[in-house]
Structures are given as C-alpha cells and as structure tokens.
Amino acid sequence: MDTAFFLRWIAAVTERVRADRDHLTDLDRAIGDADHGANLDRGFTAVEEALAAKPPETPSAVLTTTGTTLIRKVGGASGPLYGTLFRTLGRAVGEVPEVSQEALAEAFAQALAAVMKLGSAQEGDKTMIDALAPAVPELRTSFDAAARAALDGARATTPMRARKGRASYLGDRSIGHQDPGATSTALVIDALRAA
Ligand code: ADP
Ligand code: MG
Ligand code: MG
C-alpha cells in the first residue's frame, strides 16, 4: 500500500464522517454532549485541507499529518484519541514508500496500545476500543473481516455500561445506546476497504 492508498483511505474517512455526521452526533446526544459528528467533521475537514496544502510524499507523512491535525482541531476526548491513533500508525509504518498488510496490522496493534494507554480504557468500557480491539487481529488477513469485526464491536457496545468518558457520568443510563466513538471507529476501519 503506497502513499496514494493512504490518501484514498483518509479521503474515504472524511467523506463517511461528513455523511454520518448527524448520526454520530445523535448517538452522542443520547449518552454524551451531542458533538461527536461535528467534532470529527471539523477535524477531517481540516485534515483534507492540510493534505491538499502540502501533499505528503510517504504513507507515514499522510498518517502523521492526519493525527497532528486532529489533535490540533478537535476539542473533546476524540481529538487526542484519534490523533494518537493516526500519529502512532505514522511512526510505526516508518519512512518507507510502501507498507505491507502485515506491517499495517502491526502498526495498528501499536496504535491500539497507545490509545488504550492514553484513555486508560479496556475492552468492555463502552468506547472506541470496543470497535478497534477486535478489528486489529483481523487486519493481518482481511480488511473485510476487520470491518465486520469493528462493526460487530460497535454494535456490542449497546448493552454495555460506560466506564470511561462523558457517558460514564450516566452510570446505568448509558446502557441501551451504541457508543458514538465505537461507531466512528467502525467507519474508519470500513473505509480501508474503500481505499
Ligand atoms: P467528548 O466526549 O469530549 O465530547 P467526543 O464526543 O468527540 O468527545 O467523543 C466521545 C467518544 O470518545 C466516546 O463515544 C468514546 O468512544 C470515546 N472516548 C471517551 N473517553 C475515552 C477513553 N478514555 N478511552 C477511549 N475512548 C474514549
Ligand atoms: Mg461528545
Ligand atoms: Mg464534547
């Protein structure tokens, strides 16, 4: 996978975030502060501008610019968390012109660990980790399987009680709603297929 692949991936994420903006915000209205779709749309619109202004020459540069821009532009929990995800991917793939599927899967494993550490979240806490963690091992063999695992993981957050982030303030009232961050993570992984 070359630089053009990673640019297509980020463009697909940007497009999906824009299309699903209101849905993501509605999910966050139920158990948060109704801004998740708006946060990500603002962030990825800035990413689109940053990538267009200074076209990156390596996969690593695409990923690092994406992460850095998200940290700068997205207030709220998801900015630093997604920013760390993409920046860790950028560092982990290294300065190479093409990334193998195996190397991307390994980079995702490192990114998952970094996001879990930053948010001190585990699987089952009803966060984006519940979509990301089951997808990561599948990335070694198939983007289709990874996308399915992420979507199943996001759906599985509905009966969970939130233990991290704003939704945790609701206690038992967080039960019965799908987590917005897990939902957007499923979209990010699904966009790999489009790329
Ligand atoms: P905020 O909650 O600050 O308004 P967003 O609405 O953009 O930020 O993002 C909320 C999402 O962030 C949640 O649905 C959850 O998936 C994710 N999240 C929140 N806290 C954590 C955490 N500590 N670890 C992992 N993910 C988290
Ligand atoms: Mg929010
Ligand atoms: Mg907020």
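Worth pointing out:
Okay, residues lined up against (1) buried (at least 19 other Cβ atoms within 10 Å of the Cβ); (2) at pLDDT below 95; (3) within 15 Å of ligand 1 (Cβ to nearest atom); (4) within 27 Å of S120 (Cβ to Cβ):
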{"residue": "F6", "(1), (2), (3), (4)": "yes, no, no, no"}
{"residue": "A11", "(1), (2), (3), (4)": "no, no, no, no"}
{"residue": "T14", "(1), (2), (3), (4)": "yes, no, no, no"}
{"residue": "R18", "(1), (2), (3), (4)": "no, no, no, no"}
{"residue": "L40", "(1), (2), (3), (4)": "yes, no, yes, yes"}
{"residue": "E57", "(1), (2), (3), (4)": "no, no, no, no"}
{"residue": "R91", "(1), (2), (3), (4)": "no, no, no, yes"}
{"residue": "V96", "(1), (2), (3), (4)": "no, no, no, no"}
{"residue": "E102", "(1), (2), (3), (4)": "no, no, no, no"}
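- Test for S142: is it surrounded by fewer than 17 Cβ atoms within 10 Å (Cβ to Cβ) and without any contact (Cβ under 8 Å) to a residue 12 or more places away in the chain: yes
- The C-beta contact set for the range 87-100 (first residue assigned to a loop (DSSP other than H, G, I, E, B), second residue of a type outside the set (F, W, Y), distance under 6 angstrom, 6+ apart or interchain) comprises E95/T58; E95/S60; V99/M1; V99/P59; V99/V93.
- Some residue of the range 162-170 being within 14 Å of the chain's Cα centre (by Cα), of a type outside the set (D, E, K, R) and in a helix (DSSP H, G or I): no
- The range 171-195, residues that are surrounded by fewer than 15 Cβ atoms within 10 Å (Cβ to Cβ) and in a helix (DSSP H, G or I): G171, D172, R173, R193, A194
- Looking only at the range 67-88, residues that are of a type in the set (A, V, I, L, M), farther than 15 Å from L118 by Cα and away from ligand 3 (no atom under 16 Å from the Cβ) come to 0 in all.
The values are calculated or read from the model by the stated rules, or taken from the named source; none is laboratory data. No experiment lies behind these values; they were computed from the predicted model shown. Methodologically, a virtual Cβ is constructed for each residue, glycine included, from the backbone with ideal geometry; neighbour enumeration extends over all protein chains shown.
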